[in-house]
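Trainee: This is the structure I have questions about; it appears just below.
The values are calculated or read from the model by the stated rules, or taken from the named source; none is laboratory data. None of the values given here were measured: they were computed from a predicted structure. FYI the Cβ positions are ideal-geometry reconstructions off the backbone, even for glycines, and counts take in every protein chain you see.
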Amino acid sequence: MSRIISIVNQKGGVGKTTTAVNLAAYLAEYGKNVLLVDMDPQANATSGLGIDHQNLEAGIYEVIAGQRSLRHIVVPTKHMGLKVAPATLSLAGASVELVNLPDREFKLHQALLEARGAYDYILIDCPPSLGLITINSLTAGDEILIPVQAEYYALEGLGQLMNTINLVKENLRPDIAVLGAVLTMYDRRNTLSNDVMEELYKYFPNRIFRSVIPRIVHLAEAPSYGQSILHYRPFSKGARAYDRLAREVLATEKV
């Protein structure tokens, strides 16, 4: 059975998609069969792996709408073992169109059932919101990974996010668990970054990944070339950080 991890933070610009893309790439590098599901209408995870989402006939929206099966829309990437269920422009209207459907919160969960035996890991890149698409992404996951930017305002939304996760746990998916939080865009020279890390331990005392993602230009540049950091700058600090994060996630399989 696949291990499904939803990567979520309703605040934009915290490194969520960067984490989804690069964690997926390194898990594949370690020999895992990985599917990255792009649930963000901006399709940054799709384009970040070199896929032109504007010219695709169908994407994940058509799957959750019941128009296509998942296997018919999955696209290979330049990473052996890594495939993408891409986002297209159609996904932008999903929140409205799904509202009146029965079991509207479980459309992605139902769509992924056919893939659970085909992949070791399914990573879901959630949109920067707490709407219906994100709720679908949470109910589809077994675990939740929360990237948190090393800035004060990034902490303000954590309470709201944790409330949403608890509501999903209480009403929709009792077995979902928080895998942990990972600190992103960290600058060790910045006192504020250190303060944010201390505050983060109050939210997740036993669930902070030791891997800290630094703020470096290579991580910001890689998506413009349609590449993960593994292919763009494999020996950079950002590459080493995501390599460590992938190894930490793999280590939790044994727990």
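Trainee: Tell me whether segment 220-237 contains one or more residues that are over 22 Å from Ile146 (Cα atoms), touching a residue at least 60 places away in the same chain (Cβ under 8 Å), within 18 Å of the chain's Cα centre (by Cα) and buried (at least 16 other Cβ atoms within 10 Å of the Cβ).
Mentor: yes
Trainee: Among the residues of segment 122-152, what is the count of those that are of a type in the set (Ser, Thr, Tyr), closer than 21 Å to Asn44 by Cβ and not in a loop (DSSP other than H, G, I, E, B)?
Mentor: Applying the first criterion (of a type in the set (Ser, Thr, Tyr)) to segment 122-152 yields 129, 134, 137, 139, 152.
Still in the running and closer than 21 Å to Asn44 by Cβ: 129, 134, 137.
Filter once more, so that each one left must be not in a loop (DSSP other than H, G, I, E, B): 134, 137.
Count: 2.
Trainee: What single numbered condition from (1) at pLDDT 90 or above; (2) within 18 Å of the chain's Cα centre (by Cα); (3) over 14 Å from Met39 (Cβ atoms); (4) surrounded by fewer than 21 Cβ atoms within 10 Å (Cβ to Cβ) fails to hold for Leu158?
Mentor: Condition not satisfied by Leu158: (1).
Trainee: Report yes if some residue within segment 234-255 is in a loop (DSSP other than H, G, I, E, B), at pLDDT 95 or above and not small (Gly, Ala, Ser); otherwise report no.
Mentor: yes
Condition check ((1) within 17 Å of the chain's Cα centre (by Cα); (2) surrounded by fewer than 14 Cβ atoms within 10 Å (Cβ to Cβ); (3) hydrophobic (A, V, I, L, M, F, W, C)) across all residues:
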residue	(1), (2), (3)
Arg173	no, no, no
Lys202	no, yes, no
Ser211	yes, no, no
Ala251	no, yes, yes
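Trainee: Is it true that Ser193 is of a type in the set (Gly, Ala, Ser) and not in a loop (DSSP other than H, G, I, E, B)?
Mentor: yes
Trainee: Quick check on segment 104-121. Is at least one of its residues touching a helix residue (DSSP H, G or I) at 6+ places or on another chain (Cβ under 9 Å) and part of a strand (DSSP E or B)?
Mentor: yes
Trainee: Could we say that Gly50 is more than 15 Å from the chain's Cα centre (by Cα), of a type outside the set (Phe, Trp, Tyr) and within 15 Å of Ile7 (Cα to Cα) here?
Mentor: no
Trainee: Also: State the number of residues belonging to segment 237-255 that are in contact with a helix residue (DSSP H, G or I) (Cβ under 9 Å, 6 or more places away or on another chain) and within 23 Å of Val84 (Cβ to Cβ).
Mentor: Count: 10.
Trainee: Does Ala65 satisfy being over 14 Å from Ile124 (Cα atoms) and over 13 Å from the mean Cα position of the chain (by Cα)?
Mentor: Against the criterion (over 14 Å from Ile124 (Cα atoms) and over 13 Å from the mean Cα position of the chain (by Cα)), Ala65 qualifies.
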